Amino acid sequence: MKRIHYVSGLIIACFVGLHLINHAVSITGAESHIACMNQLQSIYRTTAGETILLGAVLLQVISGIRMFFRQRQSATGFFEKLQLWSGLYLAIFFVIHLGAVFAGRYILHLDTNFYFGVAGLNTFPHNLFFIPYYALAILSFFGHLAAIHHKKMKRKVMGLPVDLQSKLVLATGVVLTLVIFYGLTNGLNGVEIPEEYNLLIGK
């Protein structure tokens, strides 16, 4: 089970890394974000790519939830607990997020691009849900990485102890979260949502 979780996690981490880079590009504008997404989708939005990714997510969610309930009583220390709870949140997020994307694509017949993702993020009161929803997803991803790094790494790097290395991974997640939110909200000024996406926010 741990091996399955590890391998599926590597596949997902590669995708999430590309996805977060795509979101970070939004600081230069929605057009840049969409152009970058179109380039990246040539890699993962294929029958083979989506099958592999969805299979990895399914395995990750099932194995992760099983590991959470098996290990939550025995987990000690900040990073062990962080690995379990961040993993649980990511499992829930993946199910909700992928469900929303496929519903948008196949039921609502929308292009699940920049505007699909930020419609709720830039509209009150929907953003009261979407701000913590997205922020916790990014922070949980980096928290999970930090916890795994803390568990696997046995030596100093550039003189830095393992604890500090893992905290730097967490700090990177915090900084990237702020950068991404700045881009997805047009510098906190809000994004003008195209009319076809108004149904997502009840307009």
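The values are calculated or read from the model by the stated rules, or taken from the named source; none is laboratory data. Remember, it's a predicted structure, so these values are computed and weren't measured experimentally. No Cβ is skipped: glycine too gets one built from the backbone with ideal geometry, and neighbour counts run over all protein chains shown. For accessibility, only protein heavy atoms count, side chains too; no ligands or nucleic acids. Shrake-Rupley method; radii C 1.70, N 1.55, O 1.52, S 1.80 Å.
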Any hit, the stretch 112-121, residues being free of Cβ contacts under 8 Å to residues at least 24 places away in the same chain and either under 28 Å from Tyr6 (Cα atoms) or of a type outside the set (Asp, Glu) (or both) = yes
Could you tell me whether Ile148 is in a helix (DSSP H, G or I), within 27 Å of Asn189 (Cβ to Cβ), in contact (Cβ under 8 Å) with a residue 12 or more places away in the chain and out of contact with any strand residue (DSSP E or B) (no Cβ under 8 Å at 6 or more places or on another chain)?
-> no
Does Thr51 satisfy the criteria of being open to solvent by 30 Å² or more (accessible area, probe 1.4 Å), assigned to a loop (DSSP other than H, G, I, E, B) and either among the charged types (D, E, K, R) or out of contact with any Pro (no Cβ under 6 Å at 6 or more places or on another chain) (or both)?
-> no
Qualifying positions in the stretch 104-122 - open to solvent by less than 20 Å² (accessible area, probe 1.4 Å) and hydroxyl-bearing (Ser, Thr, Tyr) | Thr112
Could you tell me which numbered condition Phe79 fails, if it satisfies all but one of (1) open to solvent by 30 Å² or more (accessible area, probe 1.4 Å); (2) among the aromatic types (Phe, Trp, Tyr); (3) over 16 Å from the mean Cα position of the chain (by Cα)?
-> (1)
Give the number of residues within the stretch 124-154 that are open to solvent by 20 Å² or more (accessible area, probe 1.4 Å) and either in contact with a His (Cβ under 8 Å, 6 or more places away or on another chain) or of a type in the set (S, T, N, Q) (or both).
-> 1
